[in-house]
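What follows is a single structure, written as structure tokens, with notes after it.
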Amino acid sequence: MRVVLADRIGVLPLSLRFESGPHGKPMLQGAGRERWRFNLAHSRQLAVLAVSDDPAVDLGIDLEWLHRRVSSDLIRGATAAEERAFLVNLPPASRAAWFLRLWTQKESVLKADGAGLSVPPAEVVFDMPHARLRRLPSRLGSAEAFAVHDVSAPPGHVATLTVRDRWRRPIAVRSATE
């Protein structure tokens, strides 16, 4: 992460200093660096990093391994009633994958806000199966300010990027190889 951020900013990796927001979201320290936004997620041996030089956006990204065990208690605790209704009507073989996609969406929204899991994931509600953000706790603002995007992930993984843009502009999602 440090090497990628330093390359984007145009500084030496060891010159980067980090601080944490109220709920632990990392931010860059230093004059001129406050405009840079980033977020990191990892699962098993993979990592994804979202970076923007636009101070009007907040980023959240999440990555999950699709073969992770998903208990009914986890589904019950992390979903709203309407999301659970969709999930329980799925064939058991596909329920975990749908839940993990939904989980990455919820967690990426919470990471974009900076609240992290200080907000119960069940309070972030998506319209299933379309994956449109439907409802948030009022302290997170308007659902319309968050753009939630599935991003390509290696086989066996699912990833979601959320961008909260104060101006609600269209965004472009690119991989580091582009």
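The values are calculated or read from the model by the stated rules, or taken from the named source; none is laboratory data. Keep in mind it's a predicted model, so treat the numbers as computed, not measured. Quick reminder, even Gly has a Cβ in these numbers, built from the backbone with ideal geometry, and neighbours come from all protein chains shown.
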**OP:** Kindly provide the set of residues from segment 137-167 that are assigned to a loop (DSSP other than H, G, I, E, B) and touching an Asp or Glu at 6+ places or on another chain (Cβ under 7 Å), ordered by number.
**Re:** P137
Original post:
For G30, all conditions in the list (1) surrounded by 13 or more Cβ atoms within 10 Å (Cβ to Cβ); (2) modelled with pLDDT of 90 or more; (3) at positive phi hold save one; what is the number of the exception?
Top reply: (2)
**OP:** Determine whether R134 is modelled with pLDDT under 95, in contact with a helix residue (DSSP H, G or I) (Cβ under 9 Å, 6 or more places away or on another chain) and among the basic types (K, R).
**Re:** no
**OP:** Return the only residue of F126, F146 being over 22 Å from K25 (Cα atoms), surrounded by 22 or more Cβ atoms within 10 Å (Cβ to Cβ) and in contact with a strand residue (DSSP E or B) (Cβ under 9 Å, 6 or more places away or on another chain).
**Re:** F126
Subject >> Residues that are loosely packed, with under 15 Cβ neighbours inside 10 Å and outside any loop (DSSP other than H, G, I, E, B), drawn from segment 47-69 >> reply: A47
**OP:** Go through segment 98-123 residue by residue and tally those that are aliphatic (A, V, I, L, M), out of contact with any Pro (no Cβ under 8 Å at 6 or more places or on another chain), at pLDDT 95 or above and buried (at least 17 other Cβ atoms within 10 Å of the Cβ).
**Re:** 4
Original post:
Residues in segment 25-46: is at least one touching a residue at least 40 places away in the same chain (Cβ under 8 Å) and either more than 21 Å from W103 (Cα to Cα) or among the aromatic types (F, W, Y) (or both)?
Top reply: no
Subject >> Among (1) part of a helix (DSSP H, G or I); (2) buried (at least 18 other Cβ atoms within 10 Å of the Cβ) - the single one L133 does not satisfy >> reply: (1)
Original post:
Which of (1) touching a residue at least 60 places away in the same chain (Cβ under 8 Å); (2) of a type outside the set (V, I, T); (3) farther than 19 Å from F146 by Cα does A56 not meet, given it meets every other one?
Top reply: (3)
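Looking only at segment 14-27, how many residues end up being among the polar types (S, T, N, Q) and either closer than 20 Å to G116 by Cα or surrounded by 12 or more Cβ atoms within 10 Å (Cβ to Cβ) (or both)?
Looking only at that region, the number is 1.
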Subject >> Boolean, V3 is among the aliphatic types (A, V, I, L, M), surrounded by 15 or more Cβ atoms within 10 Å (Cβ to Cβ) and either in contact (Cβ under 8 Å) with a residue 60 or more places away in the chain or not in a strand (DSSP E or B) (or both) >> reply: no
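When only residues in segment 66-96 that are among the small types (G, A, S) and under 24 Å from R44 (Cα atoms) count, which is nearest to the chain's Cα centre (by Cα)?
A78
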Subject >> Residue under evaluation S118, criteria (1) within 18 Å of D58 (Cβ to Cβ); (2) without any contact (Cβ under 8 Å) to a residue 12 or more places away in the chain; (3) among the small types (G, A, S), criterion not met >> reply: (2)
